[in-house]
Amino acid sequence: MRNELHGNVLITGGAGFIGRALLRRAQQEEWQADFTVLSRDDAKHAALQRRFPEVRCVLGDVAGLDFDAMTRLFTGFDVVIHAAASKYVDRAETAPADTVRTNIDGSARVLNAALSARVERLVALSTDKACAPTSTYGLTKAVMERLYQGAPAGITGVTVVRYGNVVGSTGSVLPMFMQFAAQGMPIMLTDPLMTRFWMSADEAIDAILFAVLDASHGELVVPRMKALDMANVVRMALGYDDMGALPDQDLPLPERRVVVRGPRPGEKRHEALVHEYEALRTVHRDAYMVLAPPGSAPSSEPYTVVSNDPPGGWMGLAEMRLIVEDAATI
């Protein structure tokens, strides 16, 4: 049996990249599902409906809709995927109150409304920056994870997916680097030795499907992702082929085309997927690491995962280039 969603599905923030990727997958595989998108961007709604005319769009902000209105909206849905977020690290550092409003207050509204509306499954999307967070964005997502993992058991099964960087998504550095390179502009790089986890849009959708169909209430799903250092990301943007270089070798970059400006506030050199404290409640399941809710019995196979030692290995530039080409069609 194929992994697919059935019934009535609502996606908060669904006019964004992940929402479009999910709708593309549903269209390609002819899922028997009806989709509704909740988003605060009317222009994105118009673009979305030109491509997916069968999708219903509702204009609204998860942090602005009151509880009764959101509960009425959610009533009758089988699955709610909570993708709405304020997700830019630099903006979150300068506007922490707005980030808290969306990522914590808005997420709490979504959770409580889904429980009240008796939605069958609720999946929230998080980030590796929530693991041992050092940024406002990561801190707000860490709180969101705790809210969802601590949701009371009942009609609604609540799960969380913790992602790395989805290649080509809105705000992703790689398309920006490629645009600068194409225009002959210098690429502003924070740290060439910085490593990040990367995944394709379809890998992100696979993780959502796993969280909906296979994870249990309160679990947090982490895909085993590949990683790549930022120096090689820049090389890909500049059109280099694979050089066989491993991260931390500090290979030279063309000085006239790359400006190293240093990390931004809140950034880490290496992200983590599973922290040492979380490892005690982490188990392996298929292509995923699954974290039980805090307070669960210790795991017999604890380990930590950071982006300079990725579980999926290192991503090659040729593979990254294919993912970028696919992302451009979403």
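Every number in this text was worked out from the coordinates using simple rules, so none of it is lab data. Source: prediction; values computed, not measured. Glycine gets a Cβ as well: all are built from the backbone with ideal geometry, and neighbour counts include every protein chain shown.
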*If we count other beta carbons within 10 Å of each Cβ, what is the order of GLU203, GLU29, fewest first?*
GLU29, GLU203
_Charge dipole of the chain about the Cα centre (unit charges at C-beta), most positive-ward option of MET236, LEU73, SER135_ = LEU73
*Mind sorting out which of (i) 18.7, 54; (ii) 20.6, 69; (iii) 19.5, 59 is the real Rg and Dmax of the Cα atoms in Å computed from the coordinates?*
(iii)
*Hey, how many Å between the Cα centroid of the range 156-189 and the Cα centroid of the range 1-51?*
20
*Of the options VAL173, VAL161, SER86, report the single residue whose Cα projects farthest towards the positive end of the charge dipole of the range 81-192 (beta-carbon charges: Lys, Arg +1; Asp, Glu -1).*
VAL161
*Per-selection metrics, the range 139-188 (Cα): Rg and Dmax in Å*: 18.2, 56
_MRE, 222 nm, helices only [DSSP H, n ≥ 4, -39500 (n - 2.57), over the chain, to nearest 500]_ = -10000 deg cm²/dmol
*asked:* For a quick check: with amide H placed at 1.01 Å from N, whose amide H comes under 5 Å from VAL306's, ignoring anything fewer than 5 positions away on the same chain?
replied: LEU273
*How do ARG162, ARG50 line up, fewest other C-beta atoms within 10 Å first?*
ARG50, ARG162
*Short version: ³J(HN,Hα) in whole Hz for each residue of the range 268-280, in order, from phi by Karplus 6.51 cos²θ - 1.76 cosθ + 1.60 (θ = phi - 60°), x for Gly and Pro, what are they?*
9, 6, 10, 7, 10, 9, 9, 7, 4, 6, 7, 4, 5
_GNM top mover of VAL55, VAL100, VAL119 - the chain, alpha-carbon springs below 10 Å_ = VAL55
*Under a cut-off of 21 Å between alpha-carbon atoms, report the lysines in cross-link reach of LYS129, not counting same-chain residues fewer than 8 places apart.*
LYS87, LYS141, LYS226, LYS268
*Fewest first, what order do VAL306, VAL233 take by the number of other Cβ atoms within 10 Å?*
VAL306, VAL233
*Would you grab the residues whose amide H sits under 5 Å from the one on LEU38? Only those 5+ places off in sequence or on another chain, please, with H modelled 1.01 Å from N.*
ILE11, THR12, GLY13, GLY14, VAL58
*Over every pair of different alpha-carbon atoms in the range 1-63, take the mean of 1/r and invert it; report that Kirkwood radius in Å.*
11.7
_Debye, to nearest 20: dipole size of the chain, +1 on Lys, Arg Cβ, -1 on Asp, Glu Cβ_ = 620
